[in-house]
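> First the structure, then my questions, so here it is.
Every read-out reported here was derived from the displayed coordinates using simple, explicitly stated rules and does not represent laboratory data. Computed from a predicted model, the values in this text were never measured in an experiment. For neighbour counting, all protein chains shown are included, and Cβ atoms are generated from backbone atoms with ideal geometry for every residue, glycine included.
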């Protein structure tokens, strides 16, 4: 089965979390930053670049808002299998997020280089903006 390569900075993907729109790459410096898209497919893979450093970033994957995978990435540029054997006739919203905190020892960000799939990504519906504060009594005082 042939997988097509898509740029995660394209219009079929919505960036999430904290990011710099002026950067040339899809850099995921912060936890909770990532991309989401809608697609009907049987398989999804990503290509990511991680610097050789002590604390390797974690990535989480959700399908229609439900967590389906969480794993650490290896140093260097690698392809990772995210989803396989999906029902190609049903449209899903797929999100890929950095799921680990950056540290001051990070040499460079996690870079999401490409998304590979046999489906055709489409921009998901825009969600209303929401700010939620989590904390203790000091947060509201």
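> In percent, what relative contact order does the chain have, based on Cα pairs under 8 Å that are 6 or more apart in sequence?
37 percent
> By how many nm would the segment from residue 134 to residue 107 lengthen if fully extended, with 0.36 nm per residue of separation less the alpha-carbon distance?
6.8 nm
> Note the full-extension length gain between residue 18 and residue 42 as 0.36 nm times their separation in residues minus their Cα-Cα distance, in nm to one decimal.
5.7 nm
> List 56, 130 from most exposed to least, where exposure is judged by having the fewest other Cβ atoms within 10 Å.
130, 56
> Next up: Within the range 1-30, name every residue whose backbone N is under 19 Å away from a label modeled 7 Å from Cα of residue 91 along the Cβ vector.
10-15
> Determine, from the Cβ-Cβ distance of residue 122 and residue 68 and an R0 of 22 Å, the FRET efficiency 1/(1 + (r/R0)^6), rounded to the nearest 0.05.
For residue 122 and residue 68, the calculated efficiency is 0.65.
> Still on this structure, please answer the following. Could you line up 131, 46 from fewest to most neighbouring Cβ atoms inside 10 Å?
The fewest-first ordering by Cβ neighbours comes to 131, 46.
> Sorted from fewest to most neighbouring beta carbons within 10 Å, what does the list 71, 133, 19, 13 look like?
By the 10 Å Cβ count, ascending: 133, 71, 19, 13.
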